[in-house]
Amino acid sequence: MKRVILITGTPGVGKTTTARVLAVKLGAICINLTDYAKTHGLTLGEDKERQTSIVDEKAMYKSLSKSISATETDIIIDGHYAAAVTPAEFVTHVFVLRRNPAELKEQMQHCGFSEAKINENLSAEILDSCLIEALQNQQDKVCELDVSGQTTDDIVEVMLKVLNNTRKCYSGFVDWLGMLERENITDKYLS
């Protein structure tokens, strides 16, 4: 049976790299939503202030439905909004990658994100935005993974165990806000 696996999480958690490695291991098709939107003309323009493309989510949903239906091969879809634009009836697994805010901030700085973009993405990570969206759209298929300090191979190994039913899925155990509050450093990461 064909699997449609979503890999989601805030920018900088390692979605695309992980998706590519997992796709090779599974012999799966890999769809990066940013590239897919551009290739298939699914953008409505640019949000200059937020430094991002505006995706036509309804058109993306229809296009993904056609692409998924057109193949019998496993498909891995990566993007922070993957759970919102992929038809739920096709999805078999949703991996939500989570990264410690300190590590995530360092990663985004290394990648050259603007201060505003770093703050926006840190807030999204700390407030569980991608997890909440995944649970709203794909509730019983969600597997939250804390990837802090993990290599891509480590993350893929855990995913393979979940896909092979040798490891259970869990969600709701990452609490960055609680951690920051306990350490009294919330203001350092939420502005």
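Data for the structure
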read-out: Residue ID - surrounded by the fewest Cβ atoms within 10 Å (Cβ to Cβ), chosen from residues in the range 138-154 that are under 28 Å from Ser191 (Cα atoms) and of a type outside the set (Asp, Glu); value: Gly149
read-out: Hey, Glu89 farther than 24 Å from Leu122 by Cα, part of a loop (DSSP other than H, G, I, E, B) and either in contact with a Phe, Trp or Tyr (Cβ under 9 Å, 6 or more places away or on another chain) or open to solvent by 70 Å² or more (accessible area, probe 1.4 Å) (or both) or not; value: yes
read-out: Selection count where residues are free of Cβ contacts under 8 Å to residues at least 40 places away in the same chain and under 22 Å from Gly149 (Cβ atoms), scope the range 103-119; value: 4
read-out: 2 or more residues in contact (Cβ under 8 Å) with a residue 40 or more places away in the chain and open to solvent by less than 30 Å² (accessible area, probe 1.4 Å): qualifying strands (runs of 3 or more DSSP E) within the range 1-82; value: 4-8, 29-32, 75-78
read-out: Residue that is surrounded by the most Cβ atoms within 10 Å (Cβ to Cβ) [pool: residues in the range 168-191 that are modelled with pLDDT of 95 or more and assigned to a helix (DSSP H, G or I)]; value: Trp176
read-out: Lone unmet requirement of (1) among the acidic types (Asp, Glu); (2) at pLDDT 95 or above; (3) more than 17 Å from Thr16 (Cα to Cα) for Asp154; value: (3)
read-out: Count of residues meeting criterion [in contact (Cβ under 8 Å) with a residue 60 or more places away in the chain and either assigned to a helix (DSSP H, G or I) or of a type in the set (Gly, Ala, Ser) (or both)] in the range 142-155; value: 3
read-out: Residue within the range 106-127 that is open to solvent by less than 50 Å² (accessible area, probe 1.4 Å), within 30 Å of Glu72 (Cβ to Cβ) and outside any loop (DSSP other than H, G, I, E, B) present; value: no
read-out: Flag if Val147 is under 18 Å from His80 (Cβ atoms) and touching a Cys at 6+ places or on another chain (Cβ under 9 Å); value: no
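The values are calculated or read from the model by the stated rules, or taken from the named source; none is laboratory data. This structure is a prediction, so every number in the text was calculated from the model and none was measured. We place every Cβ from the backbone using ideal geometry, glycine too, and count neighbours over all the protein chains shown. Heavy atoms of the whole protein, side chains included, go into the accessibility calculation; ligands, DNA and RNA do not. Shrake-Rupley method; radii C 1.70, N 1.55, O 1.52, S 1.80 Å.
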